[in-house]
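Report on one structure; see the data block that follows.
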Amino acid sequence: MSFIGDVCNALGDVALWTYEEASIYRRKRETQPLIEESEAASRLQGADYRHVERVSDITSATFSERYLMRNEPVIVADGLLDWPAQQLWSFNYFCEEFGDLSVRLQDAGFKPKDSVELRAYLKQIASLPEVELGCMSNELDYLRYTYDSFFKHLLFTWGFGHRVKTQSFSFLAFQRIQRHWGRPYFLPRSGYRIPWVQMGSLEPNKRMCQDWGLYFSAPGACTRLHVDGMRTNAVLCQVVGKKAGWIFSSSLEGAARTLAEGRSFAHSPAAANDPGGQADRIWRFDLEPGEIMLIPKGLPHEVHTLSPSISLTYNFVTSPEYDDYFKFKSARGPGWIASAPIAAALAFKSVYQKRAVSGSEAREEVSLV
Ligand SMILES: O=C(O)CCC(=O)C(=O)O
Ligand SMILES: [Fe+2]
């Protein structure tokens, strides 16, 4: 991408942020009635419960039409096919390359915790045994992202990161692992609103996308139920280890949050402007190394680490989705994170444990031909 192209994209980003800031965050939203805990439980119990579809060898047109535009989660089983990261990344690799750096860990709700030496942290988690979904431990914190100044972050966001001097792990890693990964093969090349890319192609390994992070976590670690801050799509690219969890339809946002936190939140009726106009649905996912999952824009999700894990994630919105995204975010506001995991809520435990026993979790690979 040329210098002029980078500057145009940066101006596009600024214009869009200003527009959203003025029209969404400062706007008064209609207040919805609160949902009772008992009603929340019955909504989740009555919801359609299924596994996230698994596909491979998917074109970007099919991916956009079947999943992105319909706000339907999907796992692309061969997602990391062309990423050298699959061969190169390991706990040893990151110890050797970046082990001396100090990193700030986070708890299950993205809250900053202690700073530790990266090597000590990675050694501590690398050999821990696998756990089952729902076995959580509060002992081990997560490494998600550690950035230094806001100004440097802007430079990375606009593709000038290679010129920046930094000692912050996420920035340094972004610079040094650039050739190990790239835009997943099934994502559109161009036509993004977030980040703004209307000309040229999006190269997320050169221009740091929103919420870009290299995540390291131990078996039993969890990212509690939440909706991503800007309500954009996320791709969760699983390089080492396994993760599992659930994604909830937009109609269950209030019910799921109410159960997780044990206090009432606004009911979220399935509105005409909900992306995909989804009925009550819970998707369970099991993500294996080499796979990439789409977490559709605005949907609540909770993620558990089952075995020592290294993953990479970033967020985006394509141009054709923007109207739906904007209307939905105007109605619901920015994202949130629950104060407790939904996996620990008794009424939800009975939902997922029953489904596991009844075998209704059978996985299927969808044929695209
Ligand atoms: O991988 C994880 O634990 C959580 C990913 C996620 O949902 C996020 O970072 O927003
Ligand atoms: Fe998320």
*Over the range 161-262, volume per residue of the alpha carbon convex hull, in Å³*: 156 Å³
*Which FRET efficiency value, to the nearest 0.05, is calculated for residue 116 and residue 86 with the Förster distance at 22 angstrom and r the Cβ-Cβ distance?*
0.25
*When Rg is the radius of gyration of the Cα atoms in the chain and Rh is its Kirkwood radius, what does Rg/Rh come to?*
0.94
_Explain nothing, just compute: Karplus ³J(HN,Hα) = 6.51 cos²θ - 1.76 cosθ + 1.60, θ = phi - 60°, for every residue of the range 312-325 in order, whole Hz, x for Gly and Pro._
10, 9, 7, 10, 6, 9, 8, 4, x, 8, 4, 4, 4, 4
*Packing-based exposure ordering (other Cβ within 10 Å, fewest first) of 263, 355*: 263, 355
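For a quick protection proxy, order the peptides 309-320, 111-122 by their average other-Cβ count within 10 Å, most packed first.
For the peptides 309-320, 111-122, the packing ranking is 309-320, 111-122.
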_Using 30 Å as the Cα-Cα cut-off, could you pick out the over-long pairs in 113/242; 152/329; 297/354; 206/243; 111/354; 297/349?_
111/354
*For the chain, what is the percent of antiparallel DSSP beta bridges, rounded to the nearest 5?*
85 percent
*Could you compute the FRET efficiency for residue 37 and residue 78, with r as their C-beta to C-beta distance and R0 at 51 Å, rounded to 0.05?*
0.75
*Inter-label distance for residue 21 and residue 175, nm, one decimal - labels placed 7 Å from Cα along Cα-to-Cβ*: 2.8 nm
*Sequence of 321, 139, 288 once ranked by neighbouring C-beta atoms within 10 Å, starting from the fewest*: 139, 288, 321
_Global geometry of the range 213-266, whether rounded, prolate or oblate, following the gyration tensor of its Cα atoms and the 1.5 cut on a/c_ = prolate
*Karplus couplings for the range 254-265 from phi (6.51 cos²θ - 1.76 cosθ + 1.60, θ = phi - 60°), rounded to Hz, Gly and Pro as x?*
x, 5, 5, 5, 4, 5, 4, 8, x, 8, 6, 10
*Could you tell me, in Å, what Rg and Dmax come out for the Cα atoms of the range 163-223?*
13.9, 43
_Rg over Rh [alpha-carbon atoms, Kirkwood Rh] for the range 114-217_ = 1.03
*Over all directions, what mean area does the Cα convex hull of the range 223-340 project, stated in square nanometres?*
7.1 nm²
*Going from the alpha-carbon gyration tensor of the range 35-161, what semi-axes, largest first and in whole Å, does one get by taking the root of 5 times each eigenvalue?*
32, 25, 19
_Neighbour-count ranking [beta-carbon atoms within 10 angstrom, fewest first] of 142, 352_ = 352, 142
*Return the calculated 222 nm mean residue ellipticity for the chain, to the nearest 500 deg cm²/dmol, obtained by summing -39500 (n - 2.57) across DSSP H runs with n ≥ 4 and dividing by the residue count.*
-8000 deg cm²/dmol
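Where a number appears in this text, it was derived from the coordinates with a stated rule and is not lab data. As the structure is a prediction and not an experimental result, all values here were calculated from the model. Glycine also receives a Cβ, built like all others from the backbone with ideal geometry; neighbour counts cover every protein chain displayed.
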